[in-house]
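In what follows, a structure is listed as structure tokens, so that the remarks can point back to it.
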């Protein structure tokens, strides 16, 4: 990722016993997705959804973007997450959609993000992302474990094995995948 306007996500996984690889690229106002050998431009709706995904990934990492143009943040009370007391912030993004971000009162670190998101088929879900097992890399504390539920069902579990901060990302990284 580079800022809130560029992201390249390469992924692989298994669905119904079949392994797959894919890549999604957002470069400002353009975007592409490739699964296996099938590549396509992102239409306006898919691009807007990917940009929202960038907000939901970057903001828990740096928090700084919510002070920028088009963002609004307000207190949304307190809650208990597991055995941790947390303070909740409601954030409205430039796209007009909001999400709630909860911070552990003791450490100040983000522990949960709840947002409405769209799936690949256009269906809408309440997505709850739980962040834990924080590790430090280049002075940044980053969740080492990320668990995502959609409408209460486990959707994704990630274990971060490496995290690197770059001063600059090669512009070719955000070119259309071949």
>> So in the stretch 90-104, with the set limited to residues that are at negative phi and in a loop (DSSP other than H, G, I, E, B), which one is surrounded by the fewest Cβ atoms within 10 Å (Cβ to Cβ)?
In response: 95
>> Please go through the stretch 22-37 and give me each residue that is exposed (fewer than 13 other Cβ atoms within 10 Å of the Cβ) and at pLDDT below 90, ordered by number.
In response: 36, 37
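Scan the stretch 28-59 for residues that are over 28 Å from residue 92 (Cα atoms), touching a residue at least 12 places away in the same chain (Cβ under 8 Å) and assigned to a loop (DSSP other than H, G, I, E, B) and jot them down. Spell out the reasoning first.
From the stretch 28-59, those over 28 Å from residue 92 (Cα atoms) are 34-40; that's our starting set.
Those left that are additionally touching a residue at least 12 places away in the same chain (Cβ under 8 Å): 34-36, 39.
36 - this is the single residue of the stretch 28-59 that is over 28 Å from residue 92 (Cα atoms), touching a residue at least 12 places away in the same chain (Cβ under 8 Å) and assigned to a loop (DSSP other than H, G, I, E, B).
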> Hey, any hits in the stretch 132-153 for a residue that's at negative phi and outside any strand (DSSP E or B)?
Replying inline: no
>> I need a count of the residues in the stretch 61-89 that are exposed (fewer than 15 other Cβ atoms within 10 Å of the Cβ) and more than 13 Å from residue 111 (Cα to Cα).
In response: 10
> In the stretch 127-152, what residues are out of contact with any strand residue (DSSP E or B) (no Cβ under 9 Å at 6 or more places or on another chain) and without any contact (Cβ under 8 Å) to a residue 60 or more places away in the chain?
Replying inline: 137, 138, 139
> Among (1) part of a loop (DSSP other than H, G, I, E, B); (2) out of contact with any helix residue (DSSP H, G or I) (no Cβ under 9 Å at 6 or more places or on another chain); (3) closer than 24 Å to residue 51 by Cα, where does residue 107 come up short?
Replying inline: (3)
> Pick from 172, 149, 90, 141: which is at pLDDT below 95 and more than 22 Å from residue 8 (Cβ to Cβ)?
Replying inline: 141
> Of all residues in the stretch 14-27 being free of Cβ contacts under 8 Å to residues at least 60 places away in the same chain and at negative phi, which is farthest from the chain's Cα centre (by Cα)?
Replying inline: 18
> Restricting attention to the stretch 9-39, which residues are farther than 25 Å from residue 130 by Cα and touching a helix residue (DSSP H, G or I) at 6+ places or on another chain (Cβ under 9 Å)?
Replying inline: 27, 28, 29, 30, 31, 33
> Which of (1) assigned to a loop (DSSP other than H, G, I, E, B); (2) buried (at least 16 other Cβ atoms within 10 Å of the Cβ) does residue 177 not meet, given it meets every other one?
Replying inline: (2)
> Is there any pair linking a residue in the stretch 165-178 that is without any contact (Cβ under 8 Å) to a residue 60 or more places away in the chain to one that is exposed (fewer than 10 other Cβ atoms within 10 Å of the Cβ), with Cβ under 6 Å and at least six apart or on different chains, and which?
Replying inline: 165/138
> In the stretch 60-79, which residue that is assigned to a helix (DSSP H, G or I) and touching a strand residue (DSSP E or B) at 6+ places or on another chain (Cβ under 7 Å) is modelled with the lowest pLDDT?
Replying inline: 61
> In the stretch 157-168, is there at least one residue being closer than 27 Å to residue 67 by Cα, crowded, with 16+ Cβ neighbours inside 10 Å and out of contact with any helix residue (DSSP H, G or I) (no Cβ under 8 Å at 6 or more places or on another chain)?
Replying inline: no
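The values are calculated or read from the model by the stated rules, or taken from the named source; none is laboratory data. All values derive from a computational prediction rather than experimental measurement. Positions of Cβ are backbone-derived with ideal geometry, glycine not excepted, and every protein chain shown enters the neighbour counts.
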